[in-house]
1. Taking only region A:62-107 into account, find how many residues are more than 17 Å from the chain's Cα centre (by Cα), within 19 Å of A:Pro32 (Cα to Cα) and touching a residue at least 24 places away in the same chain (Cβ under 8 Å).
2. Going residue by residue through region A:96-111, is there one that turns out to be in a loop (DSSP other than H, G, I, E, B) and within 12 Å of DNA strand B (Cβ to nearest atom)?
3. Filtering region A:61-74 down to residues that are within 23 Å of A:Leu115 (Cβ to Cβ) and assigned to a helix (DSSP H, G or I), which residue is farthest from DNA strand B (Cβ to nearest atom)?
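The values are calculated or read from the model by the stated rules, or taken from the named source; none is laboratory data. Bear in mind that the values here come from a model prediction, so they are computed numbers and not experimental data. Positions of Cβ are backbone-derived with ideal geometry, glycine not excepted, and every protein chain shown enters the neighbour counts. Ligands, DNA and RNA are stripped out before the accessible areas are found, and what is left, the full protein with its side chains, is counted by its heavy atoms. Shrake-Rupley method; radii C 1.70, N 1.55, O 1.52, S 1.80 Å.
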Amino acid sequence: MPKKKSSANDLPSRPKEYSFFKDVHEIVRQIPKGRVSSYGAIARYLGTGLSARMVGWAMNAAHQVQPPVPAHRVVNRNGMLTGKAHFSPPSLMEALLKKEKIIVKEDKILGFDELFWDPAIELTL
DNA sequence: AGCCTGACTTTGT
DNA sequence: GACAAAGCCAGGC
């Protein structure tokens, strides 16, 4: 049997249409209304091998993905709306959160600890 | 094919 | 406790 060359395509269980973004979008969409999650939590759910930065990057594409992804429910580990600058207008993120009964003070989510939604736990499979 | 970037996180000083 | 640096991986050019 001829030796197979190792390549990224050899990854098993990984459809061609697979996109890191798509996975992230799917998870983010599952965030219950009124709850929030963090980039790191999502990244960890996909596998510790992934980095949280990519999650945030996936959000960047979230704006052009369908169905729409509630990127406003994803904040950093501090509960700070670090990505608000990427919304248009930036105040949109805070506005959406407040609309879901989430209190935001100075770009920080109050009670973040209680509102935190960890896919690795909530989606316990 | 290679280099740069990026909405984070963790660890060390 | 605050600040600095490194690690991380995939997409874009």
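1. Selection size over region A:62-107: 3.
2. Filtering region A:96-111 for residues in a loop (DSSP other than H, G, I, E, B) gives A:100-103, A:106-107, A:110-111.
Applying the additional criterion that residues be within 12 Å of DNA strand B (Cβ to nearest atom) yields A:107.
Yes: region A:96-111 contains one or more residues that are in a loop (DSSP other than H, G, I, E, B) and within 12 Å of DNA strand B (Cβ to nearest atom).
3. That would be A:Arg73.
For (1) open to solvent by 30 Å² or more (accessible area, probe 1.4 Å); (2) within 16 Å of DNA strand C (Cβ to nearest atom); (3) in contact with a His (Cβ under 8 Å, 6 or more places away or on another chain); (4) more than 14 Å from A:Ala41 (Cα to Cα), each residue gets a yes or a no:
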site	(1), (2), (3), (4)
A:Met54	yes, yes, no, no
A:Ala62	no, yes, yes, yes
A:Pro68	yes, no, no, yes
A:Asn78	yes, yes, no, no
A:Pro90	yes, no, no, yes
A:Lys108	yes, yes, no, yes
A:Phe112	no, no, no, no
A:Leu115	yes, no, no, no
